[in-house]
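The values are calculated or read from the model by the stated rules, or taken from the named source; none is laboratory data. Bear in mind that the values here come from a model prediction, so they are computed numbers and not experimental data. As a convention, Cβ positions derive from the backbone with ideal geometry for all residues, glycine included, and neighbour counts pool all protein chains shown.
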Amino acid sequence: MKNEAPEQGKVGQEEKKIEKGEKREAMEAEEVAEKKVEEKKEKSEKKERTMKLSLPPEELMGSGHLACQGCGATLAMRYVLKALGQKTALCIPACCWSVIDGPFPYSSLEVPIFHCAFETAASSAAGLKAGLEMVGDTETTVVAWAGDGGTFDIGIQALSGAAERNDDILYICYDNEAYMNTGIQRSSATPYGAWTTTTPVKHFKNRPKKDIDAIMAAHRIPYQATASIGYPEDLYKKAKKAKEVKGTRFIHIYAPCPTGWKARPEDTVKLARMVVQNCIFPLYEVEFGEKYTINIRPKEKKPIDDYLRLQGRFHHLTEEHIRLIQEEVDRNWERLLRRAGIQ
Ligand SMILES: Cc1ncc(C[n+]2csc(CCOP(=O)(O)OP(=O)(O)O)c2C)c(N)n1
Ligand code: SF4
Ligand SMILES: [Mg+2]
């Protein structure tokens, strides 16, 4: 036994050496893998930064508007007007856009605007359309252009009425997920977990975002779609398509608000792309409440963490909250796939 002890020690030392070597190798392999992931991420971000748009150069929205830097709602308007053209009339209820346009007699838009009461976007647009037809104008596209507060909450009665009558209007909701114009108050479009001035960190919003698209689908309107300012071509195509349809059309546009989301203005487009890639805000169309078409199906569903991290309004969330949000996103995505007949 006496002789065996040093031998065992040697073996033990050898084993430790091998173990150390293996650990170092594993660590090196991990570092290489991490580096590769970083490089891939950088490459795809660079590709996105250098992407060229194929939208027509004509602009119906000029410079000198009054929005904050990086406002997603301004891009929404710019792209939609490119698709609809000069023969467009807007009904805008109280919202950021009723200020962005500029003070009378100035306007950053080259189409007529009717500023209407907060709850009346859809009924004002329907009235305007009927009036135009009475005087023989059947060409003008009449658009109700409202925020999420004016659509999901206060204007929903007028919108539901117009949709049920199938009034010939295009209703566009630019969704910045709160009442921004009056100081970032919670709306029913505010997502679970978000800070707003009426849902402070200690009492953050604990209800999920209202599914306005399902509500609109229940009205069996001829055409509806979701869109994001991060996918301008898709948005443009949908606005063009909606212009040609008769009856009530509804487009729900995801439009980040750096001011209300405590995000960097330069991240607006990035957020509007991430939200589609992680399936929080999928892009799809619905015809007559039944035929669902998903326009972008990400190859791999990105986790939501990076998206949440870029917005101060979510900084208080714990791992557990994020897990709950991810579960909800997964459930919603599965349901959409089923509706589109994919699963
Ligand atoms: C009947 C009525 N209630 C409240 C207001 C005050 N108000 C004006 S704009 C606004 C917020 C609109 O929020 P949203 O529709 O989401 O558009 P956003 O400001 O976010 O662009 C509110 C509450 C009003 N003008 N009229
Ligand atoms: S508060 Fe938000 S939505 Fe309103 S103008 Fe500023 S960035 Fe745009
Ligand atoms: Mg809003």
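The table below lists the values:
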read-out	value
Test for residue 327: is it surrounded by fewer than 13 Cβ atoms within 10 Å (Cβ to Cβ) and over 20 Å from the mean Cα position of the chain (by Cα)	no
Selection within the stretch 57-112 - in contact with a strand residue (DSSP E or B) (Cβ under 8 Å, 6 or more places away or on another chain), among the β-branched types (Val, Ile, Thr) and within 16 Å of ligand 2 (Cβ to nearest atom)	74, 80, 92
Selection within the stretch 114-152 - within 16 Å of ligand 2 (Cβ to nearest atom) and not in a strand (DSSP E or B)	118, 148, 149, 150, 151, 152
Residue within the stretch 286-302 that is crowded, with 16+ Cβ neighbours inside 10 Å, within 12 Å of the chain's Cα centre (by Cα), of a type outside the set (Lys, Arg) and on the phi < 0 side of the Ramachandran plot present	no
Members of the stretch 195-212 found to be part of a loop (DSSP other than H, G, I, E, B), surrounded by fewer than 24 Cβ atoms within 10 Å (Cβ to Cβ) and either within 16 Å of ligand 2 (Cβ to nearest atom) or among the basic types (Lys, Arg) (or both), listed by number	197, 198, 205, 207, 209, 210
Lone unmet requirement of (1) surrounded by 18 or more Cβ atoms within 10 Å (Cβ to Cβ); (2) in a loop (DSSP other than H, G, I, E, B) for residue 171	(2)
Qualifying residue in the stretch 314-323 (condition: within 18 Å of the chain's Cα centre (by Cα) and surrounded by 20 or more Cβ atoms within 10 Å (Cβ to Cβ))	yes
First in the stretch 172-184 and modelled with pLDDT of 95 or more and of a type in the set (Val, Ile, Thr), second anywhere and assigned to a loop (DSSP other than H, G, I, E, B) and within 7 Å of ligand 1 (Cβ to nearest atom), Cβ under 6 Å, 6 or more apart	184/178
Single residue of the stretch 158-168 satisfying the filter (over 23 Å from the mean Cα position of the chain (by Cα) and in a helix (DSSP H, G or I)) that is nearest to ligand 2 (Cβ to nearest atom)	158
Criterion (crowded, with 24+ Cβ neighbours inside 10 Å and either within 19 Å of residue 251 (Cβ to Cβ) or touching a residue at least 60 places away in the same chain (Cβ under 8 Å) (or both)) met by exactly one of 109, 81, 159	159
Among the candidates 291, 270, residue that is without any contact (Cβ under 8 Å) to a residue 12 or more places away in the chain and within 24 Å of residue 251 (Cβ to Cβ)	291
Residue match in the stretch 64-73 (condition: touching a Phe, Trp or Tyr at 6+ places or on another chain (Cβ under 9 Å), more than 15 Å from ligand 1 (Cβ to nearest atom) and part of a loop (DSSP other than H, G, I, E, B))	yes
Residue among 76, 89 that alone is touching a residue at least 40 places away in the same chain (Cβ under 8 Å), in contact with a helix residue (DSSP H, G or I) (Cβ under 9 Å, 6 or more places away or on another chain) and not in a strand (DSSP E or B)	76
Failed criterion for residue 165 (all others in (1) within 25 Å of residue 329 (Cβ to Cβ); (2) more than 16 Å from ligand 3 (Cβ to nearest atom); (3) of a type in the set (Lys, Arg) hold)	(1)
Residue under evaluation residue 94, criteria (1) surrounded by 19 or more Cβ atoms within 10 Å (Cβ to Cβ); (2) in contact with a Leu (Cβ under 9 Å, 6 or more places away or on another chain), criterion not met	(2)
Some residue of the stretch 137-145 being over 14 Å from residue 250 (Cβ atoms) and within 12 Å of ligand 1 (Cβ to nearest atom)	no
Any hit, the stretch 232-247, residues being within 14 Å of ligand 3 (Cβ to nearest atom) and either surrounded by fewer than 16 Cβ atoms within 10 Å (Cβ to Cβ) or outside any helix (DSSP H, G or I) (or both)	no
Flag for residue 280 being within 15 Å of the chain's Cα centre (by Cα), more than 19 Å from residue 176 (Cβ to Cβ), touching a residue at least 40 places away in the same chain (Cβ under 8 Å) and part of a loop (DSSP other than H, G, I, E, B)	no
